[in-house]
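To keep things clear, I will list the structure first and then write my remarks on it.
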Amino acid sequence: MSHHSTITFAEATDIAREIKNIAYNLWWTWHVDARDLFRDLSPQTYFRCNHNVIAMFDEISDQELAARLLDPKQMSRAQNVINQYNQYMSENNTWASKHAGEIIRSGPVAYFSAEFGLHESLPIYSGGLGILAGDHTKSASDLGVPFIGVSLYYRQGYFEQRIGPDGWQQEEFPNTDPKKLPLELVANKAGDPIVASVKIGHSDIYFHAWRINLGRVSLILLDTNREENELHYREMISQVYGGDITTRISQEIVLGIGGVRMLRAMGITPSVYHLNEGHSAFLTLELLRELVREKGKTTAEAIRWVRQHTVFTTHTPVPAGHDRFSEDLIRFTLQKFCTECWDDASDIMPLGRVDANDKEEPFCMTVLALKMSRAANGVSELHGRVSREMWKDLYPNKSVDKVPIGFITNGVHVPGWTSSRAFRFWHNILGEDWPDHLDDPEFWQRIEDPEFISDEELWALRYVLRRELIEFVRTRLRQQSARYGNNPGITFDRILSTDALTIGFARRFAAYKRAPLFFSDPQRAKRILLNPERPVQIIYAGKSHPRDDQGKKFIQQLVGFAREPELFGKVVFLENYDINAGRLLVSGSDVWLNNPRRPLEASGTSGQKTAIHGGLNVSIMDGWWREAYDGGNGWAIGDDSHPDSIEEQDKQDAENLYDVLENQVIPEFYDREGNGLPRKWFDRVRHAMATLIPQYNTDRMVEEYVRRYYINNKSSAK
Ligand SMILES: *Cc1c(COP(=O)(O)O)cnc(C)c1O
């Protein structure tokens with residue numbers, strides 16, 4: 001559009017309406033032109049609303065928005081976004097249409113997960129499991145796989161984290177307002193909400209559903225907050241993994257049994273049910289009940305049918321991490337449901353027991369999921385192996401390597417995790433269609449060549465991203481400090497150096513992830529951080545589950561180091577880790593640190609988000625990194641083994657971490673050639689990009705799920 005053409009107010013009003021509509025599809029969160037347009041329409045409002053554009057548009061009148069679009073530059077950006085959106089939504093030539101027509105003909109994948117990490121404005125996840133579900137969904141849309149996600153609408157979600165003056169984590173649960181989120185009530189043709197119910201104990205619990213649009217696919221969130229329900233049941237779903245064991249099983253009943261009923265009420269017939277972790281495994285009981293009670297099948301026939309239509313992904317490598325319910329609790333909550341199909345709730349117990357005849361065994365959701373699915377998988381090669389070992393008793397006639405649990409290694413949805421700066425950097429280097437080539441190793445191979453992308457270009461990118469992170473951290477710490485109003489002498493304007501090697505560590509503060517490992521030997525850690533010639537700084541973030549005091553002690557310990565005068569401004573704990581903070585951390589850090597107690601990190605995904613930003617991983621050989629590391633695309637802490645004793649392991653890993661930092665990572669970063677750039681470092685960065693990006697992404701991962709698990713009706717265990 002030329003500068004001289006005039007836009008009428010009526011035209012601008014129409015475009016404003018279309019733009020507001022697009023905000024109801026999270027498509028905008030992984031398309032950089034849309035993301036940046038929304039940001040620039042009102043930057044301060046956008047940041048204050050934590051990038052929640054529905055909340056933002058709630059504050060901007062149609063008049064104001066239209067007025068902003070009278071600016072020809074904004075208008076042409078808006079029209080470009082509308083065109084891109086319409087093109088995406090009407091695209092028929094997708095990966096699935098070319099390679100998996102069968103699934104398009106047979107019906108959608110119904111993907112059940114207790115959490116979904118989609119965007120910073122939707123706190124309905126607690127960690128990696130949810131992030132994986134969200135990334136899986138976005139790639140399903142990009143690939144054209146028919147797909148519907150099912151989860152719960154947690155009104156308060158997962159908490160907001162504050163760090164108190166004593167360094168102890170505090171939790172705040174603000175209520176979200178569905179009207180200020182990208183949610184649409186699921187309604188029938190007459191416009192009335194679709195309502196379904198489940199029985200828990202002696203009560204009927206009613207629920208409706210909210211739809212979230214993600215590109216071409218959607219996700220429904222079940223919500224029991226209805227007037228017909230007793231208060232207790234209205235509040236049952238307010239928090240992610242909140243409440244006691246009765247709340248837990250009740251949430252899982254709504255998710256699994258309620259989820260199937262809502263799909264039926266919406267007229268959706270899935271071709272396959274995918275259980276992302278065991279939380280939703282009760283859905284298999286509802287499918288059984290339908291077949292026996294409504295279709296007149298025998299139990300044996302019904303079980304065979306359910307198994308043919310269910311696949312299961314397990315995520316938990318420790319026995320104690322799997323949901324288990326006592327027979328009493330099963331009877332208390334599920335008696336009424338069960339008598340529609342069985343004599344008594346106790347009749348379902350064998351389905352959740354490794355030894356069906358062992359009356360002492362509780363009901364395990366993972367066992368139910370394994371018994372009722374045609375295929376099961378772990379989320380990395382090592383995790384697959386650990387899972388086969390853990391569940392071998394379920395398959396007494398098979399040797400451990402024949403236990404039918406395979407693996408598909410996790411990935412990340414790369415466009416969603418790429419910062420806007422990096423996105424545009426790649427537009428210039430690779431062309432604007434680079435997100436369409438994530439499953440093409442040859443496309444990324446070119447990056448190995450310094451003629452294709454130079455040290456200078458990468459250095460420029462790293463500086464921009466590092467500064468963006470550091471300014472974000474300074475602002476956050478200023479706000480945090482102002483809240484307590486007791487540090488008048490402290491300035492946060494100068495903390496962290498924009499030139500120093502910056503290490504990032506952010507994830508849930510579960511004990512096995514060993515957040516404070518780097519401080520195992522505080523003197524040695526300080527020697528590394530305080531070296532004046534080769535300065536190193538480290539930024540931590542992460543939430544501890546409200547009931548996990550060990551995790552909270554870890555946070556307090558790190559906050560303590562951050563407050564020591566000599567470490568102030570070199571060690572930082574950033575509060576309230578979320579998807580936005582995560583995106584900034586994985587893009588601004590030069591090194592991403594991952595030091596779990598092996599083999600407890602089933603996959604891990606945060607390190608996969610760094611490669612597109614030119615960051616490098618330093619990690620224990622666990623989960624995905626054990627498969628990804630090739631000697632030149634990052635660094636390993638220790639090797640492909642671990643001692644049996646935890647004390648010994650922690651000691652060895654700390655020693656190996658110091659060694660790799662002191663002898664390899666830090667020297668390579670500070671080894672500058674005549675031109676002032678770390679040449680070997682950038683060879684490593686280029687190699688990391690070429691090898692990691694095309695492999696550890698959810699396009700590759702979802703393609704594997706489609707080929708091996710969704711369309712293959714034969715048991716395809718491995
Ligand atoms: C990627 C991500 C995770 C998962 O991190 P892991 O290192 O795999 O545990 C958790 N939370 C957020 C906000 C993330 O972005």
Would you check if there is a residue in segment 501-511 being assigned by TED's automatic domain parsing to the domain that holds residue 599, within 22 Å of residue 591 (Cβ to Cβ) and more than 16 Å from the ligand (Cβ to nearest atom)?
yes
Does residue 508 satisfy the condition of being at pLDDT below 95 and assigned to a loop (DSSP other than H, G, I, E, B)?
no
Tally the residues that are open to solvent by less than 50 Å² (accessible area, probe 1.4 Å), over 30 Å from residue 99 (Cβ atoms) and away from the ligand (no atom under 16 Å from the Cβ), restricting the search to segment 397-424.
1
Give me the pairs: first residue in segment 602-618 and assigned to a loop (DSSP other than H, G, I, E, B), second residue within 9 Å of the ligand (Cβ to nearest atom) and among the β-branched types (Val, Ile, Thr), beta-carbon distance under 8 Å, and six or more apart or on different chains, which are they?
605/131; 605/412; 610/586; 615/586
So, residue 194, is that one in contact (Cβ under 8 Å) with a residue 60 or more places away in the chain and under 15 Å from residue 233 (Cα atoms) or not?
no
Only one of 600, 616 is among the aliphatic types (A, V, I, L, M), modelled with pLDDT of 95 or more and under 30 Å from residue 245 (Cα atoms); which?
600
List the pairs whose first member sits in segment 516-537 and is touching a residue at least 40 places away in the same chain (Cβ under 8 Å), whose second member is part of a helix (DSSP H, G or I) and surrounded by fewer than 17 Cβ atoms within 10 Å (Cβ to Cβ), and whose Cβ atoms are under 6 Å apart, counting only residues at least 6 apart or on separate chains?
516/557; 534/670
Of (1) over 21 Å from residue 499 (Cα atoms); (2) assigned to a helix (DSSP H, G or I), residue 546 satisfies every one except (2)
Looking at segment 73-96, which of the residues that are under 27 Å from residue 151 (Cα atoms) and part of a helix (DSSP H, G or I) is least open to solvent (accessible area, probe 1.4 Å)?
96
Identify the residue in segment 586-601 that is open to solvent by less than 10 Å² (accessible area, probe 1.4 Å) and part of a loop (DSSP other than H, G, I, E, B) and, among all such residues, is farthest from the ligand (Cβ to nearest atom).
590
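Right, residue 626: open to solvent by 10 Å² or more (accessible area, probe 1.4 Å), within 16 Å of the ligand (Cβ to nearest atom) and not in a loop (DSSP other than H, G, I, E, B) or not?
The answer is yes for residue 626.
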Verdict on residue 649 being open to solvent by 10 Å² or more (accessible area, probe 1.4 Å) and under 22 Å from residue 382 (Cα atoms):
no
Conditions (1) under 25 Å from residue 594 (Cα atoms); (2) surrounded by 15 or more Cβ atoms within 10 Å (Cβ to Cβ); (3) modelled with pLDDT of 95 or more: number failed by residue 476
(3)
Under 29 Å from residue 647 (Cβ atoms) and either under 17 Å from the mean Cα position of the chain (by Cα) or in the same structural domain as residue 497 (by TED's automatic domain parsing) (or both): which single residue out of 633, 580, 594 fits that description?
594
Going through segment 512-526 one residue at a time, which ones are open to solvent by 20 Å² or more (accessible area, probe 1.4 Å), closer than 26 Å to residue 605 by Cα and away from the ligand (no atom under 11 Å from the Cβ)?
520
Suppose we keep only residues that are of a type in the set (Gly, Ala, Ser) and in contact (Cβ under 8 Å) with a residue 60 or more places away in the chain within segment 198-241. Which one would you say is surrounded by the most Cβ atoms within 10 Å (Cβ to Cβ)?
215
Taking segment 162-185 and the residues there that are of a type in the set (S, T, N, Q) and either closer than 14 Å to residue 239 by Cα or touching a Phe, Trp or Tyr at 6+ places or on another chain (Cβ under 6 Å) (or both), the one that is surrounded by the fewest Cβ atoms within 10 Å (Cβ to Cβ) would be 175
Residue check: is residue 294 under 16 Å from residue 110 (Cβ atoms), open to solvent by 10 Å² or more (accessible area, probe 1.4 Å) and in the same structural domain as residue 258 (by TED's automatic domain parsing)?
no
For residues that are under 24 Å from residue 128 (Cα atoms), open to solvent by 30 Å² or more (accessible area, probe 1.4 Å) and away from the ligand (no atom under 16 Å from the Cβ), tally how many sit in segment 547-585.
6
What pairs come out if I take residues in segment 339-366 that are among the hydroxyl-bearing types (Ser, Thr, Tyr) and pair them with residues that are at pLDDT 95 or above whose C-beta lies under 7 Å away, six or more apart or interchain?
346/327; 346/331; 366/278; 366/314
Reported set for segment 154-171 where residues are under 24 Å from the mean Cα position of the chain (by Cα) and either among the hydrophobic types (A, V, I, L, M, F, W, C) or closer than 14 Å to residue 544 by Cβ (or both) is 158, 159, 160, 161, 162, 163, 169, 170, 171
Subset of segment 316-344, residues in contact with an Asp or Glu (Cβ under 8 Å, 6 or more places away or on another chain), open to solvent by less than 50 Å² (accessible area, probe 1.4 Å) and closer than 22 Å to residue 260 by Cβ, comes to 323, 338
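The values are calculated or read from the model by the stated rules, or taken from the named source; none is laboratory data. Since the structure is predicted, the reported quantities are computational estimates derived from the model, not experimental observations. All Cβ positions, glycine included, derive from the backbone under ideal geometry; neighbour counts span all protein chains shown. For the accessible areas, the whole protein counts, side chains as well, though only heavy atoms, and no ligand, DNA or RNA atoms are used. Shrake-Rupley method; radii C 1.70, N 1.55, O 1.52, S 1.80 Å.
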